[in-house]
Amino acid sequence: MRVSIRPEKPSDEQGIYDVVAQAFETPAEAELVRELRPLVTPWISLVACRGKEVVGHILFTPVKVGLTGMAMALGPMAVAPEYQSRGVGSKLVRAGLAACRKRGHGVVFVLGHTDFYPRFGFRSAAPLGFRYGNAELDRYFMVNELSSRALSRLSGSVRYHPGFDRF
């Protein structure tokens, strides 16, 4: 299926909200994206479009690692239900990781599906000394080292923007 991936534009905000709200059980993730938009930098937000229609969205926001480290986190990522399982999510992840790399970010974390994200280089973060939340989340918390030895400069707990705590 042909979709184009590009950075979000202000005119995409409602389309992003709709796709994210449709892709999850509740609109909480869509509300999170809307709330974080004016608060978070750096912000990498990409959309997948079919023609002019937004059919997917991926967001990367900064996280604190340990006392002084910084990295990026992927999430949420959403694809409109009628476009799921057609490669749109994979295209978004690849483009998003490339955008992170291009901007000089060496590490990306994700809390997500263990069957999906490893194909893009993500691996379990807990054995490497990283934790988000409690041990119950360790199975789903993964990391991707985008530049050589970037992980060696980081250690400890990973803290997302406080906005994530409410959702």
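The values are calculated or read from the model by the stated rules, or taken from the named source; none is laboratory data. Everything quoted here is computed from the prediction, not taken from an experiment. Cβ placement follows ideal geometry from the backbone for every residue including glycine, while neighbour counts extend to all protein chains displayed.
Being in contact (Cβ under 8 Å) with a residue 12 or more places away in the chain, part of a loop (DSSP other than H, G, I, E, B) and among the polar types (S, T, N, Q) is the filter here; which residues of the range 16-41 pass it?
T41
Which of the residues that make up the range 1-16 are surrounded by 18 or more Cβ atoms within 10 Å (Cβ to Cβ) and either under 17 Å from the mean Cα position of the chain (by Cα) or of a type in the set (A, V, I, L, M, F, W, C) (or both)?
V3, I5, E8, I16
Out of everything in the range 141-167 that is buried (at least 17 other Cβ atoms within 10 Å of the Cβ) and not in a loop (DSSP other than H, G, I, E, B), what residue ends up being modelled with the lowest pLDDT?
Only one residue tops the list, namely F164.
Please verify whether the range 13-20 includes one or more residues that are touching a helix residue (DSSP H, G or I) at 6+ places or on another chain (Cβ under 8 Å) and under 22 Å from M142 (Cα atoms).
yes
Being more than 19 Å from I5 (Cα to Cα) and hydroxyl-bearing (S, T, Y) narrows it down to one of Y132, Y83, Y117, so name that one.
After applying the criteria, what remains is Y132.
Count, please, the residues in the range 3-15 that happen to be part of a helix (DSSP H, G or I) and either out of contact with any strand residue (DSSP E or B) (no Cβ under 7 Å at 6 or more places or on another chain) or among the charged types (D, E, K, R) (or both).
Result for the range 3-15: 5.
Please tell me if R103 is over 28 Å from P10 (Cβ atoms) and charged (D, E, K, R).
Against the criterion (over 28 Å from P10 (Cβ atoms) and charged (D, E, K, R)), R103 does not qualify.
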